[in-house]
1. Suppose a student asked you for the relative contact order of segment 238-367, using Cα pairs under 8 Å spaced at least 6 residues apart; what percent would you report?
2. Please state the relative contact order of segment 268-329 as a whole percent: Cα pairs under 8 Å, 6+ residues apart?
3. Local charge sum around residue 140 (other residues, Cβ-Cβ under 14 Å, Lys/Arg +1, Asp/Glu -1)?
4. Return the sequence-ordered ³J(HN,Hα) values of segment 367-374 in whole Hz as given by the Karplus equation 6.51 cos²θ - 1.76 cosθ + 1.60 applied to θ = phi - 60°, using x for Gly and Pro.
5. Of all trypsin sites (Lys or Arg not before Pro) in segment 130-198, which ones are in loop regions per DSSP and have a Cβ with at most 11 other Cβ atoms within 10 Å?
6. Sorted from largest to smallest, which semi-axis lengths in Å does the alpha carbon gyration tensor of segment 184-266 give for its equivalent ellipsoid, taking the root of 5 times each eigenvalue?
7. Calculate one ³J(HN,Hα) per residue across segment 66-82 by plugging θ = phi - 60° into the Karplus curve 6.51 cos²θ - 1.76 cosθ + 1.60, and present them in order as whole Hz with x for glycine and proline.
8. Sort 228, 181 so the one with the fewest other Cβ atoms within 10 Å of its own Cβ comes first.
Amino acid sequence: MSVLALIGYAVGGIVFLILLSGIRFIPNNRIGIIEKRFAGKGSVKSGLIALNGEAGYQPRILRGGLHYLMPIQYVVHMMPLVTISQGKIGYVFARDGKQLDPAQVLASNATVTDFQDVESFLKNGGQRGPQRRILREGTYAFNLVQFIVITEERIYTLPLSKEEGETIRNMAQVIAERGGFRPVVIKDTDDTIGVVTVHDGPSLAQGEIIAPVVGDEPAHPETYHNKFQDADNFLRAGGQRGRQLQVLVEGTYYVNRLFGTVEMIPKTVIEVGNVGVVVSYTGETGDDLSGKEYRHGELVNKGNRGVWSEPLLPGKYPFNTYAGKVIPVPTTNIILKWIRTETGAHRYDENLTEVSLITKDAFEPSLPLSVVVHIDYQKAPLVIQRFGDIKKLVEQTLDPMVSAYFKNVGQMRTLIQLLQDRSAIQQQASSEMREKFAHYNLALEEVLIGTPSSPENDTQIETILMQLRSRQVAEEQVETYAQQEKAAVKERELREAQSRAQMQTKLTEAELNINIQTDQGKAEYQRSIQQAQQIRALAEAEAEKIARIGIAQALATEEQVRAYGGPQFQVTQQVLTRFAEAIQTSGVDVVPRVVVSGGGGEQGSSTSSNVMEGLLTMLLSERFGVMADESAKAPRSPEADALREQIRKDMEKKK
């Protein structure tokens, strides 16, 4: 191989290596920033990015994959992709572009739609510096030479100088202090609103303290900024820098904190029993609604500058307290106490003290007062317009007016009259002062007067009061004795009446007893008559019965006598019966216990009984024989026959 051949191979190898060194591999999670070291067109005349192929940083970037660039002429800087976390905000700073206007703070993005196209950004009028548009969550392939992206976690940039790096870090610190890496979140439970202060745009006019509301109509998308989230639309709609009248309510807002800061303030709450009178510091100068004769201020319509004629009713309001103030006015009764040691619930009377009087008899008591006042809610703006607030009304108007009135009352009365005429003074004061209070758009409900007290180290009033008490006690005792006397008389009359009532009761009871006894006697008399008649009837019936029974027995006996053989047999029968009963009762042995006979014992006893019976029969037959014969021969009496006939008829009737 010749030397020339070796040289050719060497040159070819060198060329190959040079060509091989121009291949660049870019991972998919990174980008390549191209820097051109030399070019036939020379260097960039202005700015940082070479838009026309000059030497310098090129607008385009290399994405993932293999790329071939002329070696030595190009240098590729490997940089990461820009990542914005969920719910976070990223801020963009442009190194190249048009200069900002003197009044600008942030670069306009009205004509720029995408930060990832550097050439389009620069050719469409993109401005250098911090941008108004912010980055939401996602991953972006930015040319980090043209743009610096600031996030909460890191700063994405290709460092060019130490001074620039310090500036970017300071910007990141400011954003962090304003909470700019996170959206504005207002919860409904916080009862707060966000007051926005815009740091870009034209300044407010002379005399204005707050910027008016602009671009709040969604129907006009070219100017609708959606609560300061679109800075360019806000400024296009005529928005001004400074504190804004429009506030942020409940919701989430992605606001560029370099464009506008947000301050949280509480909502305005009007409690029940109150209204809120609005004093607006901003707005147009409206017509005076209070009339030409009212020279204490002006009332204006809602939205104009001044005191609004319509108060806020109870509720919660997203009222911007930098644009005005809301003065609460109680619509319930207000109790104002001219008492040093006591204060009402509203504390409007905390500086009031007792009214010092000089009476007609030269005493100097201190008079405690309580005045009940009511403010009509529709007249509350008039009160605020005239006095500024309720406390000024009380201290600068009501206090001197009420004190002067009662000083005049005290001069026309003695101390005793002041004490004794308290009720009349209250009624008179309520009537006379009601018109004065109405002049100030107040309704006087009632005036209450306390007990006058003496100044410190002065006991004259206490002495007078003790004398009055003693006099009153004496009068009360006299009245008590008189009442006791009347009570004694009434008690005597009562007792007499009770005694008469008791006697009358007894008389009534006695009369009733007499009537009852008379009625009972009559009843007993009638009952005895009835019993006597009953007894007589029973007796007659019994007598008739007995008579009839006797006659019947007699007739039966007669018939028996006739049936048994006449009276002799009847007498013999009765005698034997009575004789047997007598022997049985006395227990006398008529017949000897031992009878001597020839036969046996039983036969002997039977024989003796028969002998005895035969003996008695013989004796009696001889005595009564004559009588039996006479009875049989005697004729029957006519009465017996008539009675017998009557009984027979009665028995037949019964049958």
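1. Values: 187 pairs, mean separation 28.7, N = 130.
Relative contact order comes out at 22 percent.
2. Numbers: 123 pairs, mean separation 30.8, N = 62.
With pairs under 8 Å counted, the relative contact order is 50 percent.
3. Details: positive: 30, 63, 88, 133, 136, 154; negative: 114, 117, 137.
Net charge in that neighbourhood comes out at +3.
4. 9, x, 10, 9, 10, 9, 10, 10
5. Sparse-neighbourhood loop trypsin sites (Lys or Arg not before Pro): 187.
6. On the way: eigenvalues 81, 48, 24 Å².
Each semi-axis is the square root of five times an eigenvalue, giving 20, 16, 11 Å.
7. Once θ is set to phi - 60°, the couplings for segment 66-82 become 8, 9, 10, 10, 4, x, 6, 6, 10, 10, 10, 9, 7, 9, x, 6, 8 Hz.
8. Values: 228 24, 181 21.
In order of increasing Cβ crowding within 10 Å: 181, 228.
Read-outs throughout are calculated quantities, based only on the coordinates presented, and are distinct from any laboratory measurement. The shown structure was predicted, so the numbers you read here are calculated from the model rather than taken from an experiment. Positions of Cβ are backbone-derived with ideal geometry, glycine not excepted, and every protein chain shown enters the neighbour counts.
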